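Some notes on the structure that comes next.
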Amino acid sequence: VWDNGDAVRGKLVFEKRSCVRCHSGTGPLGPDLAGSAARFSRDDLFTAILEPSKDVAPPYQTTQVVTGSGRISHGLVVYESPDGTLLQTAPDTTVRVAGEEIVAMRKSKISLMPSNLLNGSTNEELADLYAFLRTLRLAK
């Protein structure tokens, strides 16, 4: 069933599930997926999609910021100064934490990619997504 997917429908799954928002190759939130189906086995690729925090590449490791009031934020550090830290927590969301509020900052292995993105997908949709990912080639 995996090799019978339709790449055109797979592109729609990629867009509908919002994968395109972080993996379009233009944003820093997720790696460009061009060539990913050639570099990884199908099983490894779907493990990365279904369990995104299992193995997070260093450029995409988040930072956990804890404030004195107990608020915890995870994100990619966009800007950091003594006055505060700006975290990218989602494609359209940044959080600013004032420097004097921060009591702890540490690297985290938690991915910004939600682990439930493909919940409710049919086998056909997964096969279509895989067919689409196989069309993404590295530029020569």
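The values are calculated or read from the model by the stated rules, or taken from the named source; none is laboratory data. If you're wondering where the values come from, they're calculated on a predicted model, not measured in any experiment. We place every Cβ from the backbone using ideal geometry, glycine too, and count neighbours over all the protein chains shown. Keep in mind that these areas ignore ligands, DNA and RNA; they rest on the heavy atoms of the full protein, side chains included. Shrake-Rupley method; radii C 1.70, N 1.55, O 1.52, S 1.80 Å.
Here are some notes:
- Any hit, the range 81-89, residues being touching a strand residue (DSSP E or B) at 6+ places or on another chain (Cβ under 8 Å) and hydrophobic (A, V, I, L, M, F, W, C): yes
- For the range 29-44, a residue qualifies if it is open to solvent by less than 80 Å² (accessible area, probe 1.4 Å) and within 24 Å of V78 (Cα to Cα), and the qualifying residues are L29, G30, P31, L33.
- Pairs with Cβ under 6 Å, 6+ apart, first in the range 72-88 and among the β-branched types (V, I, T), second open to solvent by 20 Å² or more (accessible area, probe 1.4 Å): I72/V66; V78/L86; V78/Q88
Residue-wise test of (1) out of contact with any Pro (no Cβ under 9 Å at 6 or more places or on another chain); (2) modelled with pLDDT under 95.
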| position | (1), (2) |
| --- | --- |
| L50 | yes, yes |
| S69 | yes, no |
| V78 | no, yes |
| L87 | yes, no |
| E101 | yes, no |
| S108 | yes, yes |
| M113 | no, yes |
| N116 | yes, yes |
| A139 | yes, yes |
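- Strands (runs of 3 or more DSSP E) (entirely within the range 45-122) containing at least 2 residues that are open to solvent by 50 Å² or more (accessible area, probe 1.4 Å): 72-81, 93-98, 102-107
- In the range 5-18, the qualifying residues are those that are part of a helix (DSSP H, G or I) and over 11 Å from L136 (Cβ atoms), and the one that is most open to solvent (accessible area, probe 1.4 Å) is K16.
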